[in-house]
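Note sheet for the following structure.
Values quoted throughout were computed directly from the atomic coordinates according to the rules given, and no laboratory measurement underlies them. The structure presented is a predicted model; accordingly, all values stated were derived computationally and were not measured. All Cβ positions, glycine included, derive from the backbone under ideal geometry; neighbour counts span all protein chains shown.
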Amino acid sequence: MTVRRRTYGWAALQIGVLLLAFWLRIHLLSAQPLRGDEAFTVRYWAAAPADVLSHLAWVEPHPFGAFFGFWAWKTLAGQTEFAMRLLPALLNLLGAAAVYALARRLAQRSGGPARVIALIAALLWAINPNLIWHSQDVRNYAPWAGLSATALWLLVRAADRNRRIDWLLYVIAETLALYTFFLEAFMLVMHGLYVLLISRRKLTGRPLIAFTALGLLLIPWLYQAARLAGSGYGGTAARSDLAALGTTFAPELLFGEGLGGMAAALPGLLVTGWLLAIVVLWWLLMRNRAASLTLLLLIVPSALLYVAGTRIDVFRPRYILAIMPGIALALASSPWIRLRREGTRAFAILAPAARLAGALLLVVTVIVSADALLDYFGGEYHKAPDWRALAAYLEANVGADDALIVTAADASGSLDPTFQYYYGGAFTVLPRADADVPAEIARLVREHATIYLVDQPSWDQAVRQALEATASYVEDAQADAFRIGVYRAR
């Protein structure tokens, strides 16, 4: 009876962590308006496959699976904010279960309290502010992280058991991860090193068949990557910066980008050094598979991203979001670091020091994560301007006989896709390459009694100046961060 109660207790804790992860990912899921990249995903990524394949797939640096996955989900669930954000939330939830299974499997072999370590690792995934932010964002980063963690667990299991079904499941999961985000290729390199160096399984037999099957399944992926490589795409993030790698990557992966609150008060170099020191001590003292895998996870994708970032602007923490299982595993395991075999006196002294440092970092991580989540969900944090307020104002005030001008986001005449997601009425975008601004303004003033101007950027005042020269200024209204100028024909 005692054993059964203990089993039920552990099962309840596991379910509780998964429910917490689920709740944190759907809590206030549609409270904030979409940001520009999210609206771009809804409008263009999730377009019909034929439309995507006609152009977008060859200029937008994301694999086919990201486009087709969001299209299928949009077709099934609709394009509301809640519906579209639910897909990343659910796929990222897979990571909590995968990290639990991965940590338990590795901890059992190292002799640690496997269920405790696994539960803590899953909890760290569940409450990670960075993962939660991306899980509530209509992009492919959170789905990639969840699928990648699942593939990693299946790889470790397949390398242990070497059964046909395990390798098949790994191939399926890794294929899905690769078709979700191109930089899963960094993880694939790490997978190969794990099989060769840590599991000590030769790339023959079933492992060889598995990786060969992956290569065949990736032929369309490779074709798209080759087309994109020749498209001139240079990235939209930043070039590699060794100082940033040491100061910002670990804190941002742990607590999110745009750090505030307690996270902002923590020196980035301290967090990074603290984490790396614990992992290195863990590996030196125990030399088990969990420590070795964690070391590979932290080093290989980071190094490959750094190399890639010397060529194109892709140097950003979220591009190695898939290493989060390694960080969770390190933090969860560090309070139980010990000297596994006889060693030097220095190592015997280092073991309790490593346990203490690990326990402290674990506690700090949980406290700072909770603070970041309170800030995120507390109503003070805004992911995007209040596009709903702008749309409500325009729908209430702009009549059928009025004209609406929206200033372009840049000199090319492009418009933030979020505007068209929330507002369905007619409007004119200015300035743009094919229009003479004064002439276009003069035409609109002749044809409409009232002109509304959504004056978003400050980079170009040509539209407002042309309106003031041609029409009578009435007033400026405000809808959250948006200024709306009202003009009438003279």
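Rounded to the nearest 5, what % of the DSSP beta bridges within the range 387-489 are antiparallel ones?
Beta bridges within the range 387-489, antiparallel portion: roughly 65 percent.
Net charge around Ser30, counting only other residues with Cβ within less than 11 Å of its Cβ (Lys, Arg = +1; Asp, Glu = -1)? Can you show the working numbers first?
Values: positive: Arg85, Arg388; negative: Glu81.
Every neighbour counted, the sum reads +1.
Apply the a/c threshold of 1.5 to the C-alpha gyration tensor of the range 76-222 and tell me whether it is rounded, prolate or oblate.
Oblate shape, in that a/c is at least 1.5 and b/c is the bigger or equal ratio.
The distance linking the range 278-313 with the range 421-475 is 53 Å (Cα centroid to Cα centroid, whole angstrom). Please work out whether the range 435-489 counts as rounded, prolate or oblate from its C-alpha gyration tensor, where a ≥ b ≥ c are the square roots of the eigenvalues and a/c under 1.5 means rounded, while otherwise a/b larger than b/c means prolate and anything else oblate? Here the range 435-489 falls in the oblate category.
Cα extents for the range 378-461 along the principal axes, largest to smallest and rounded to whole angstrom: 48, 29, 19. Max-minus-min Cα coordinates of the chain on each principal axis give 91, 49, 46 Å, with the largest extent listed first. Based on every Cα atom in the range 154-198, Rg and the maximum pairwise Cα distance Dmax equal 10.5, 29 Å. Relative contact order, whole percent, for the chain stands at 15, derived from Cα pairs under 8 Å and 6 or more residues apart. Maximal additional length on extending the Trp58-Gln478 stretch stands at 147.2 nm, based on 0.36 nm per residue less the C-alpha distance.
Quick one: grab the alpha carbon gyration tensor of the range 21-107, order the square roots of its eigenvalues as a ≥ b ≥ c, and give me rounded if a/c is under 1.5, else prolate or oblate depending on whether a/b is larger than b/c. Spell out each step's value before the answer.
On the way: a/c = 2.64, a/b = 1.52, b/c = 1.74.
Judged from the Cα gyration tensor, the range 21-107 comes out oblate (a/c at least 1.5, b/c at or above a/b).
If you find the alpha carbon centre of the range 322-338 and of the range 210-230, how far apart are they in angstrom? The range 322-338 and the range 210-230 have Cα centres spaced 32 Å from each other.
If the chain linking Leu18 and Ala353 were pulled fully straight, counting 0.36 nm for each residue of separation and taking away their Cα-Cα distance, it would gain 117.4 nm.
Take the Cβ-Cβ distance between Gln79 and Arg432 as r, set R0 to 25 Å, and report the resulting FRET efficiency rounded to the nearest 0.05.
On the way: r = 27 Å, r/R0 = 1.06.
About 0.40, to the nearest 0.05.
By the helix-only formula, in which each DSSP H run with n ≥ 4 contributes -39500 (n - 2.57) and the sum is divided by residues, the chain has a 222 nm mean residue ellipticity of -20000 deg cm²/dmol.
Here's the picture: a label point sits 7 Å out from the Cα of Ala439 along the beta-carbon direction, and within the range 466-482 the residues with their amide nitrogen under 20 Å of it are 466-471.
Computed from Cα atoms, the angle from the helix 289-309 axis to the main principal axis of the chain rounds to 30 degrees.
A Cβ-based charge dipole, computed about the Cα centre of the range 387-489 with Lys and Arg at +1 and Asp and Glu at -1, lands at about 80 debye.
Mean separation of Cα pairs under 8 Å and 6+ residues apart, divided by the residue count of the range 237-322: what relative contact order is that in percent? Intermediate results must be reported in sequence, preceding the final value.
Details: 76 pairs, mean separation 41.6, N = 86.
After rounding, I find 48 percent.
Residues Phe182, Phe64, arranged from fewest to most other Cβ atoms within 10 angstrom of their Cβ, appear as Phe64, Phe182. Each part gets one Cα centre, and for the range 57-78 versus the range 119-140 those centres are 22 Å apart. Does anyone have the angle between helix 324-333 and the longest principal axis of the chain? Alpha-carbon axes, 0 to 90°, nearest 10? Helix 324-333 sits at roughly 40 degrees to that axis. Each residue in Thr41, Thr428 was given a count of other beta-carbon atoms within 10 angstrom of its own, and listing them fewest first yields Thr428, Thr41. Relative to the longest principal axis of the Cα atoms of the chain, the long axis of helix 268-286 makes an angle of roughly 20 degrees.
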